[in-house]
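Trainee: One structure, as structure tokens, below. Some questions next.
The values are calculated or read from the model by the stated rules, or taken from the named source; none is laboratory data. Predicted, not measured: the structure shown is a model, and the values here were computed from it. Reconstructed Cβ throughout: ideal geometry from the backbone, glycine too, with neighbour counts over all protein chains shown. Protein only, heavy atoms only, side chains kept; ligands, DNA and RNA dropped before computing areas. Shrake-Rupley method; radii C 1.70, N 1.55, O 1.52, S 1.80 Å.
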Amino acid sequence: MSLFREIERLSSSPLGPSVYHEATVGAGLPVLSTLNDLVRTGDRIIKIEGIFSGTLSYLFNNFSAPGASQSFSACVAVAKANGYTEPDPRDDLNGMDVARKVTILGRVAGLSIGTDTLPVENIVPEPLRVVSTADEFMERLPEFDEHFSQLNAEALRAGSVLRYVGFVDGVGGQSSVKLARYPLDHPFASLKGSDNIIAFTTERFPNPLIIQGAGAGSAVTAFGIFSDLIKIAERYGSGLADPKY
């Protein structure tokens with residue numbers, strides 16, 4: 001945390017080093033640039049809530065929706081076959097990818113949080129966390145379809161769907177990463193494909209400012225990185241930055 005604050009302090013100076021990392025959250029979506037603008041203009045961040053994993057977005061958009069019929073294990077198998085998951089899907093389902101993104105957002109918002117202190121719901125069934133290979137995990141995952149089906153059925157009976165979300169609490173200190181229910185008329189419930197969606201609730205935006213779109217993929221990630229490179233080129237081309245950086 002101290003290192004992050006030192007980097008932040010140095011980069012805040014017009015003559016300091018350049019630090020841009022837009023693509024670390026939401027790939028090419030303007031998530032961090034929007035948050036930085038909110039913070040720098042003096043807005044108060046109340047909460048940031050979002051679906052930050054394209055993999056988990058795809059899984060629950062297909063598994064938890066009115067009329068959906070695929071089992072959870074089948075959804076994971078399709079996602080893996082299409083290249084949406086990590087080689088071992090447990091690296092998506094354990095929530096740590098989302099936790100890292102929540103940590104980045106929280107720290108940019110001024111909070112002292114980290115993946116070591118953030119409550120993270122690991123949705124990998126406990127007996128499968130210790131199996132030695134991804135193949136064994138995939139082979140045994142259908143054993144737990146009933147567990148996920150029950151969670152989904154309970155949500156649907158309540159007029160809701162399941163979504164895996166990250167939550168930055170700018171007021172109460174209750175940031176978290178978890179599987180949550182959302183009513184069918186909520187923007188998170190109508191998400192399609194593997195899109196990300198992020199909602200900023202602030203003093204200026206009590207009705208959330210929402211960013212939605214593709215949060216993964218080579219083209220959009222390259223866009224996010226290239227946008228940062230252009231900002232760096234503009235900064236150094238202006239003569240404002242110290243050439244030693």
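Trainee: Quick check: is even one residue across region 65-84 in contact (Cβ under 8 Å) with a residue 40 or more places away in the chain and either in contact with a Lys or Arg (Cβ under 7 Å, 6 or more places away or on another chain) or farther than 30 Å from residue 139 by Cα (or both)?
Mentor: Taking every residue of region 65-84 in turn, none turns out to be in contact (Cβ under 8 Å) with a residue 40 or more places away in the chain and either in contact with a Lys or Arg (Cβ under 7 Å, 6 or more places away or on another chain) or farther than 30 Å from residue 139 by Cα (or both).
Trainee: A follow-up question, please. Here's a check for you: in region 110-127, which residue that is within 15 Å of the chain's Cα centre (by Cα) and either open to solvent by less than 40 Å² (accessible area, probe 1.4 Å) or acidic (Asp, Glu) (or both) is nearest to residue 162 (Cα to Cα)? Before the answer, list the steps.
Mentor: In the first step, residues of region 110-127 are kept if they are within 15 Å of the chain's Cα centre (by Cα); the result is 114-115, 118-122.
Retained after the next criterion (residues that are either open to solvent by less than 40 Å² (accessible area, probe 1.4 Å) or acidic (Asp, Glu) (or both)): 114, 118, 121.
On the way: 114: 25, 118: 21, 121: 13 Å.
Restricting to residues being within 15 Å of the chain's Cα centre (by Cα) and either open to solvent by less than 40 Å² (accessible area, probe 1.4 Å) or acidic (Asp, Glu) (or both), the top hit is 121.
Trainee: Return the total of residues in region 186-199 being touching a Gly at 6+ places or on another chain (Cβ under 9 Å) and either part of a loop (DSSP other than H, G, I, E, B) or of a type in the set (A, V, I, L, M, F, W, C) (or both).
Mentor: Filtering region 186-199 for residues touching a Gly at 6+ places or on another chain (Cβ under 9 Å) gives 188, 193-199.
Subsequent filtering for residues that are either part of a loop (DSSP other than H, G, I, E, B) or of a type in the set (A, V, I, L, M, F, W, C) (or both) retains 188, 193-194, 197-199.
Matching residues across region 186-199 total 6.
Trainee: Right, here's the next one. Give 192, 178 a once-over and let me know the one that is modelled with pLDDT of 95 or more, closer than 20 Å to residue 50 by Cα and charged (D, E, K, R). So that I can check it myself, show each step before the final result.
Mentor: Details: 192 fails: modelled with pLDDT of 95 or more.
It is 178.
Trainee: Would you check if residue 166 is small (Gly, Ala, Ser), open to solvent by 20 Å² or more (accessible area, probe 1.4 Å), under 22 Å from residue 118 (Cα atoms) and not in a helix (DSSP H, G or I)? Working first, answer last.
Mentor: Details: small (Gly, Ala, Ser): yes; open to solvent by 20 Å² or more (accessible area, probe 1.4 Å): no; under 22 Å from residue 118 (Cα atoms): yes; not in a helix (DSSP H, G or I): yes.
No.
Trainee: Looking at 23, 68, 27, which is the one that is at pLDDT below 95 and over 25 Å from residue 224 (Cα atoms)? If you could, list the steps in order and put the result at the bottom.
Mentor: On the way: 23 fails: over 25 Å from residue 224 (Cα atoms); 27 fails: over 25 Å from residue 224 (Cα atoms).
Answer to the check: 68.
Trainee: Continuing with this model, one more query. Just the residues that are farther than 16 Å from residue 113 by Cβ, at pLDDT 95 or above and either open to solvent by 10 Å² or more (accessible area, probe 1.4 Å) or among the hydroxyl-bearing types (Ser, Thr, Tyr) (or both), please, taken from region 39-52. Talk me through it step by step, then tell me what you get.
Mentor: Of region 39-52, the ones farther than 16 Å from residue 113 by Cβ are 40-44, 51.
Restricting the remaining residues to those that are at pLDDT 95 or above gives 41-44, 51.
Hits for region 39-52 are 41, 42, 43, 44.
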